[in-house]
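What follows is one structure encoded as structure tokens, with my remarks underneath.
All of the numbers you see were taken from the coordinates with simple rules; none came from a lab. Since the model is a prediction, treat every value here as computed from it, not as a measurement. When we count neighbours, we look across all protein chains shown, and the Cβ atoms used for this are built from the backbone with ideal geometry, even at glycine.
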Amino acid sequence: MYSLLLLVVVVVAGQPVSEKPASPLLRSAVSASQLTLPHQTRTRRQLPSTATRQHDHSPQGPTCPYPYTLVLDECFYLSPHKVSWEAGRRHCKGMMGDLATPKHLYTIRSFLLDVAKVEGVEQLFVFVGLRDERRDGSWKWVDGLPVNAADWGPGEPNNGKGDEFCGEIRMHFDRMLNDQSCPFLNRFLCQYHPPN
Ligand SMILES: [Ca+2]
């Protein structure tokens, strides 16, 4: 009796699984996995491109359009010719920029020192976006920010010529800012602000 029962169990257990009709629950599980796989594949394919985009935003600074040059993380253009402060500003605005309002004055100093070395000159005087528009000592950058008092050169601003209402950088001074006569003919530094 036990031998017959054991034989029946062995025969039933030995039937190939593939010949059994799949239960509704099993078919449902297979269908779910088939639906999930393409989505998972798409997600994996997206990962490398996402990583690439993040790499593109590495701290290399913005792209500066010609003729601007990337200096640390801002775009500048130094004129080779000399004009008044107003003419310099007009030139900068005509290049989609304005007279420079650099975040890091010492970076500009390094930039000017390099230019001076290439040009073989000892000093560079450069108009920047700084002025006393109301002519009452209320100096401001053209972007509206106040001037750091520690950035003025020794004894400046002194209004030495009686009409010094425009700002320049004197590269050879550790403290670089000087008030200069606006009609004075000077080289000038433009800045381009890339769109965010
Ligand atoms: Ca001065």
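Some points to look at:
- When Asn196 is tested against (1) over 24 Å from Asp114 (Cβ atoms); (2) surrounded by 14 or more Cβ atoms within 10 Å (Cβ to Cβ); (3) under 27 Å from the mean Cα position of the chain (by Cα), exactly one condition is not met: (2).
- Candidate set from the range 152-184 (those that are more than 10 Å from the ligand (Cβ to nearest atom) and farther than 16 Å from Leu99 by Cβ); member that is surrounded by the fewest Cβ atoms within 10 Å (Cβ to Cβ): Gly162
- Matching residues in the range 171-188 - criterion: being part of a strand (DSSP E or B) and more than 27 Å from the chain's Cα centre (by Cα): Asn178, Asp179, Gln180, Asn186
- Residue within the range 141-154 that is of a type in the set (Gly, Ala, Ser) and either in contact (Cβ under 8 Å) with a residue 24 or more places away in the chain or in a strand (DSSP E or B) (or both) present: yes
- Between Leu99, Leu130, the distinction of being touching a residue at least 40 places away in the same chain (Cβ under 8 Å), within 16 Å of the ligand (Cβ to nearest atom) and either in contact with a Cys (Cβ under 8 Å, 6 or more places away or on another chain) or among the basic types (Lys, Arg) (or both) belongs to Leu130 only.
- The lone exception for Tyr106 - which of (1) surrounded by 11 or more Cβ atoms within 10 Å (Cβ to Cβ); (2) within 16 Å of the ligand (Cβ to nearest atom); (3) free of Cβ contacts under 8 Å to residues at least 24 places away in the same chain it fails: (2)
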